[in-house]
1. Just to be sure I understand, how many residues within segment A:476-499 are in a helix (DSSP H, G or I) and under 41 Å from the mean Cα position of the chain (by Cα)?
2. Assess whether B:Leu151 counts as being part of a helix (DSSP H, G or I) and more than 9 Å from every other protein chain (Cβ to nearest Cβ).
3. So which of A:Val352, A:Val330, A:Val409 ends up being of a type in the set (A, V, I, L, M), part of a loop (DSSP other than H, G, I, E, B) and out of contact with any Gly (no Cβ under 6 Å at 6 or more places or on another chain)?
4. Kindly indicate which of B:Gly41, B:Gly132, B:Gly76 is more than 10 Å from chain A (Cβ to nearest Cβ) and either at positive phi or within 28 Å of the chain's Cα centre (by Cα) (or both).
5. Looking at (1) within 11 Å of another protein chain (Cβ to nearest Cβ); (2) on the phi < 0 side of the Ramachandran plot; (3) surrounded by fewer than 16 Cβ atoms within 10 Å (Cβ to Cβ), can you tell me which one B:Pro119 breaks?
6. Report those helices (runs of 4 or more DSSP H) wholly inside segment B:57-127 carrying at least 1 residues which are under 30 Å from A:Met500 (Cβ atoms) and aliphatic (A, V, I, L, M).
7. Which numbered condition in (1) at pLDDT 90 or above; (2) away from chain A (no Cβ under 12 Å); (3) within 30 Å of B:Ile95 (Cα to Cα) is the only one that B:Phe30 fails?
8. Considering each of A:Ile272, A:Ile326 in turn, give the residue that is of a type in the set (Val, Ile, Thr), surrounded by 10 or more Cβ atoms within 10 Å (Cβ to Cβ), closer than 30 Å to B:Gly23 by Cα and at pLDDT below 85.
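The values are calculated or read from the model by the stated rules, or taken from the named source; none is laboratory data. Keep in mind it's a predicted model, so treat the numbers as computed, not measured. FYI the Cβ positions are ideal-geometry reconstructions off the backbone, even for glycines, and counts take in every protein chain you see.
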Amino acid sequence: MAGLICPECGAENPDEAKRCQECGALLIEQSQRADEQPAGLPEDPLDFLAQADDDLPGLLHALKHEDDQSPLTDPPGGEESVPPEGDEHVDSSEEPDAEETLPEWLIRVRQRAQEEEDSVGEVTQKLVVAQDHLKEDISTSRHENFSSWIEGIRDEDGAKESQPAEETAKKAETGAEEAPSEDEGWLTKIRKMEGKFIEETDSEIKDTDGDSLLQWLVALEEGTEQPEVLDEATELADGAPVDVPADDDEKHIQQPESVLEGDELEVTQQMIVPTPTLQAEQPEPPLVDVTRSEQLQADQLAATIADEKAARAVVKSRKAKSTWAIRLIVAVVLIGSVVFSLFFREPAVLPVAPMPSQHEDMISWIEELPADARLLLVFDYQAAYAAEMALVAEPVLEEVIHPGRQLSVLYTSPMGGLLSQALLSEISADRDVPIDDLGYHPFSAFTAYQAGISAPAAWVIPSLPKSGRTFLADDYEGIILLSDTFEGARVWIDQLSALMPGTPLNLILSAQAGPMLMPYYDSGQVSGMISGVGEARNFSAAEGRSGAILIRWRAYQTGILLMVTLIVTGVLFSSGQVNDEGEVNA
Amino acid sequence: MNDLIWGVVGLLLTIMILSYLIGDNVFFRFAAYIFIGLTAGFVAVMLINKILIPYLVTPIVTGGWQQWLWMLIPLGLILLLVMGQWSKFASAGSIPLAYLAGLTAAVAVGGAVFGTLIPQARAVIEAFDPAGWYAVPGRSWLRVMDAVVMLVGVIGTLSYFHFGKRRSTDDAVETSNPPRLMRALGKVGQVFIGITLGAVFASVFSSALIALIDRVLFVGEIILKLIGGG
């Protein structure tokens, strides 16, 4: 063959070239090496690739050596690596290098394989393809042969257990007998590194699609295929005709590209190679013993699958009715009733009703407050509840806010500042009551906790900033919490009742927060409470006050009546619908 | 005049929100977006004015070196939280969050135990104190009944939220149903829970109705002002 092939880029160069015309790599060493090739090796510089293709035992040896050097796997039994007998035909000049480092030709082949697909020999390409097939087969064969995999593990364990110790010791004594077992070890490692578990015996190799080339290499290394191939190769070397099987599905003829030189053998014509489509016998699914929990899981899975496949009664999809007209009618009726009650009827006259104990306790606490009492107001409600909270709080704060008393205000909602100003400005407009704004505190739990530990008995760090140290340094005669939710109020009750049990805590609540907080009043953690417009009405009547609540009371009554009617109608209507659908489904 | 202008703006926004009665529409969305944007901006300004300036900036500007040292703690936490916004330093942001979560858990658990669990349990026990039954003459049987109902309600509610299962004796597989006694008490607890949630549900309606009444009153007053009758 004319020209030199650059080992770096693969470009073809003239014979007399010292450097590659493409990449400038040095070619002298290669040409000198080609000149120094021993007799019998091809003269063509490309023949080292062909040698790589046909030097299959050397390739296997290199793979084995690579495996032995892999840190992921340990050498079998920690034994020393003994060259197998099957490698005796390899050139002895290459053997020491193969034992310690990868052959140069293999490195170059791999480099070329990474750079150009066409630059490597067919065997190397097929080796790569076979490895890819092995990886692809992992996902399928792993699940399909799951049963055989379990059986394989058990067989392997059983074989290990039943293997006589004498036999193992006997194998360890002689290197000739040790080599094959070592080969089995490193070949198994190769397979395991490929992620595929292959059940095999000494005389049988079970093949699957895609990995037959590698297994043929294994068989060649183990000697099971060697006699047939070598015999045919010998016949080819002698010029004898080769018996080509008629069944091309099982074997095909591959043109030789190199000379395989061993101690006694030289192949020059053809080599018959088993095709990757060689099919092995599929293992019969064995009986698998499973634990009870595994059986239960399998039964549950089977029941789920059966339930999914079970026939079900088809429910006719009902056309979604447009309800906007109904909603509009209801809204018009509700708003119309409210408007009529607000603007076309006289304000209600509130009769004095018997007061619950929580109201009486709150009134008693207000009446016992000193004239110069210091009070803390906590605003813990959102703007959406401002109307209700104003109605409920107004009669209480009217009694609390008097000249001479001092109020401190803090809020835990962003709108709390505006809401407190809107509420207190109306009440304290004509009263000289100083109001100290303690500001916005985002987290109710932290604020309540800080309020509790800021009592005079708490420890103090003098160097702390004043804003953090004296959050609630004063001793208040009482705390009034205005809250619209159960959770927000409960946080304050939790902290203050535990940290400041001597400070009276009174609650002004929305209607939705009241029912859940009654136990705290019953347990004595809360001094008094009032929740919702209904209780505020009783409170106003008991105090003889007439305010905004009187204007809204009739509308409130009308709205409640309408809502109850709507709820009852809706329940009856929906229950009739359910019955109809139930009959349809049945 | 100023109040009237803002009153009209409020009237329009109220009508836009009420237009949701006939379904989702562009006017409702417009009003909702305005509220969301205004709320976000207001909260941001509130946090700066009420939190950052008084609790962080002012101590640094006006405080001594000791306060400076104290302020290094929140400054460090803020710096870590900001660094956590970059993926490269994402783990740094978890430090202040872990500090916040741990502190919140400690405060909440302490409050729940000493503010709710122990006092409420003590209240249930004290309800059976005979001295309390006869402290106020008359209708002592009513207080006894009250204590009994309270005890049954507590046990029933706790049983309803009992999710344990009986372990069979032959193997480790759990049976599907809780013990029969727990199931019976859970049924009783369901009654109490249903009554409580029904009361809360009615109260939510009451709160919503008050909000509606307030808005209708506001709209009516504005309209009366506009037509000169108010």
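1. Qualifying residue count for the region: 10.
2. For B:Leu151, the condition - part of a helix (DSSP H, G or I) and more than 9 Å from every other protein chain (Cβ to nearest Cβ) - is met.
3. A:Val352
4. B:Gly41
5. (3)
6. Those helices (runs of 4 or more DSSP H) span B:65-83, B:90-112, B:118-126.
7. (3)
8. Exactly one of A:Ile272, A:Ile326 is of a type in the set (Val, Ile, Thr), surrounded by 10 or more Cβ atoms within 10 Å (Cβ to Cβ), closer than 30 Å to B:Gly23 by Cα and at pLDDT below 85, namely A:Ile326.
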